[in-house]
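Q: Let me give you the structure first, and then I'll get to my questions.
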Amino acid sequence: MPALFLATLYEYSPLFYITVVFVCFVITSGLVLGWFGVDVPIILRNSEETESASYIYKKQMREVTNPFGLDIVSPSTASVKDGIAVNPNCLEDCLLTFYWGCSVKKIQEALQRHIYCSPIQTPTVLEDSLYNEYLHKEQHNIRKQTKEEIYIQLPTDHKIEDFGPVPRTRYPLIALLTLSDGDTRELYDIGSMLTVIHIPDDIYRLPCRIMYQYILTQQGLFYDLKQLFMSANSSRSESPRDSPSPVPSDGDFLEDAGT
């Protein structure tokens, strides 16, 4: 019925068809050019318009000071039998607490509790999360801005020569740096630093190195520190003559350890 009506109307008025085509052209042009509030298809935009229309989220950066520093002294000589020497360098008086043979699972749970429950600001808070899942504990007082070398070793009565085959369930050594004075904690956003250290033993002879180094904030966050710069005479940049065989990376060790 509508078709018959249009055909009859066309016979009496040839301009009707021209009018319909013109109206369709106007509507299509309006849609393309956005006259009716409809967004222009992105394929029809130029690059400058696309860049200006995109919303860029800018995150405000804030400078923070890390009061903690910890390095390994002579990593090539460190082992479970011979012990390890570290060099703390802190801006304030700190407590340096070592945990030998700490449970990998409990460390991960402690980091989660740091986010959701109890921020790790003292060794006691960490130990409450570990539930004594470590073999030996040792603690030292560190004076601010002093580079004092500290040597630690497992007591002989433990008779531990290795931490078992891979995948392992224990980290060889955990070092926790916390601020000694409660009033000093209010001056820093970073409340503690937790360092996971691998120490070679009779079963796994990967050279001693820092596997992870987490800075833990007062607000319940933690970040993994990465080495951004390395000096030209660093001990890691050995010549091929000194290192005849390739040394596995930290990622290889973690993959083997199942952590």
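Q: Measure off 7 Å from each Cα along the Cα-to-Cβ vector at residue 26 and residue 159, then give the distance between these two points in nanometres to one decimal.
A: 10.0
Q: If I model a spin label as a point 7 Å beyond the Cα along the Cα-Cβ vector, how far apart are those points for residue 180 and residue 64 in nm?
A: 2.4
Q: Measure up 105/137; 147/226; 106/137 against 20 Å on the Cα-Cα distance and list the ones that go over.
A: 147/226
Q: While we're on this one: 7 Å from Cα along Cα→Cβ at both residue 115 and residue 203: what's the point-to-point distance in nm?
A: It works out to 3.0 nm between the two label points.
Q: Let me ask something additional. Multiplying the sequence separation of residue 219 and residue 187 by 0.36 nm and subtracting their Cα-Cα distance, what value in nm do you get?
A: That works out to 10.2 nm of additional length.
Q: As an exercise, identify the chymotrypsin sites (Phe, Trp or Tyr not before Pro) in region 73-151 lying in DSSP coil whose Cβ has no more than 16 other Cβ atoms within 10 Å.
A: Here the sparse-neighbourhood loop sites are 131.
Q: While we're on this one: What is the gain in length, in nm to one decimal, between residue 169 and residue 74 on full extension, counting 0.36 nm per residue of separation less the C-alpha to C-alpha distance?
A: Here the answer is 31.6 nm.
Q: Name the long-range amide H neighbours of residue 212: under 5 Å, sequence gap of 5 or more, or other chain; modelled H, no Pro or chain starts.
A: 196
Q: Same structure, new question: Go through region 178-224 and name the trypsin sites (Lys or Arg not before Pro) that are in a DSSP coil and have 15 or fewer other Cβ atoms within 10 Å of their Cβ.
A: Answer in residue order: 205.
Rule-based calculations on the coordinates, nothing more; no lab input. Since we're looking at a predicted model, the values are computed, not measured. Heads up, the Cβs are rebuilt from the backbone with ideal geometry, glycines too, and the neighbour counts pull from every protein chain shown.
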